[in-house]
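Student: There's a structure below that I have some questions on.
The values are calculated or read from the model by the stated rules, or taken from the named source; none is laboratory data. Nothing here was measured: the structure is a model prediction, and the numbers come from that model. Every residue, glycine as well, gets a Cβ built from its backbone with ideal geometry; the counts of neighbours run over all protein chains shown. The area values use the complete protein model at the heavy-atom level, side chains included, leaving out ligands, DNA and RNA. Shrake-Rupley method; radii C 1.70, N 1.55, O 1.52, S 1.80 Å.
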Amino acid sequence: MAKKEMKLGKVQLEIMKVLWEHGDVTARQITDELSKKEEIAHSTVQTLLRKLEAKGAVEHMSEGRTFLFRALIHRSAVAESTTHDLLTRVFHGSVYSLVAHLIKHEEVSPQELKALRELIDSSSDEGGRK
């Protein structure tokens, strides 16, 4: 589990994805990038950036009269925290139930199934992982 739980809302996660993919960017650049998928108000992005900053997820630097925003947390830390939250809240801590649900209800390619079998086999050889 992640050392610090980082709960992000849907749009906050989309903002983080922009920061992870593009590095240091302005709030306007984030707004423009997010608006390619779905229109979002610039003021909403600014508010969410302030909230992300308060959570310790991002920081800003001044470049002249412009603020550049940067991610302070890694994608892997958010994935770990979010997955753990899903596992405990929805599947009561059962990894089997989570994986079974995904295999039954999501499209899983033959290549992914093969990779999962290999992962399970190697995990069994190592006695599991925690």
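Student: Segment 88-106 to segment 33-62: how many Å between their Cα centroids?
Tutor: 32 Å
Student: Could you pull out the GluC sites (Glu not before Pro) across segment 1-55 that fall in loop regions by DSSP (anything but H, G, I, E, B) with no more than 13 other Cβ atoms inside 10 Å?
Tutor: Passing both the DSSP loop test and the Cβ count: Glu5, Glu38, Glu39.
Student: Over the chain, calculate the relative contact order: mean separation of alpha carbon pairs under 8 Å at least 6 apart, over the residue count, as a percent.
Tutor: So the answer I get is 24 percent.
Student: Please give the charge dipole size of the chain, origin at the Cα centre, charges +1 on K and R Cβ atoms and -1 on D and E Cβ atoms. Round to the nearest 20 debye.
Tutor: Here the size comes out at about 460 debye.
Student: Would you calculate a helix-derived [θ] at 222 nm for the chain, using -39,500 (n - 2.57) for each DSSP H run of n ≥ 4 and dividing by the full residue count, to the nearest 500?
Tutor: It lands at -19500 deg cm²/dmol.
Student: Here are several values of Rg and Dmax of the Cα atoms in Å: (1) 14.2, 45; (2) 18.4, 57; (3) 15.4, 51. Which one was derived from the coordinates shown?
Tutor: (2)
Student: Taking only protein heavy atoms and a 1.4 Å probe, what accessible area per residue, in Å², does the chain have with all protein chains in place?
Tutor: Computed with neighbouring chains in place, this is 73 Å² per residue.
Student: Just check segment 80-130 against the gyration tensor rule for me: Cα atoms, a ≥ b ≥ c as the square roots of the eigenvalues, rounded for a/c under 1.5, and otherwise prolate or oblate depending on whether a/b exceeds b/c.
Tutor: Note, shape of segment 80-130 comes out oblate.
Student: How much length, in nm to one decimal, is gained on full extension between Gln111 and Asp24, taken as 0.36 nm per residue of separation minus their Cα-Cα distance?
Tutor: Between Gln111 and Asp24, full extension yields an extra 27.8 nm.
Student: Relative contact order of segment 1-62, please, whole-number percent, based on alpha carbon pairs below 8 angstrom and at least 6 residues apart.
Tutor: Averaging sequence separation for qualifying contacts and normalising by length gives 29 percent for segment 1-62.
Student: Related question: Rounded, prolate or oblate: which fits segment 1-75 when a ≥ b ≥ c are the square roots of the eigenvalues of the alpha-carbon gyration tensor, with rounded for a/c under 1.5 and prolate only if a/b beats b/c?
Tutor: Oblate, since a/c reaches 1.5 and b/c is not below a/b.
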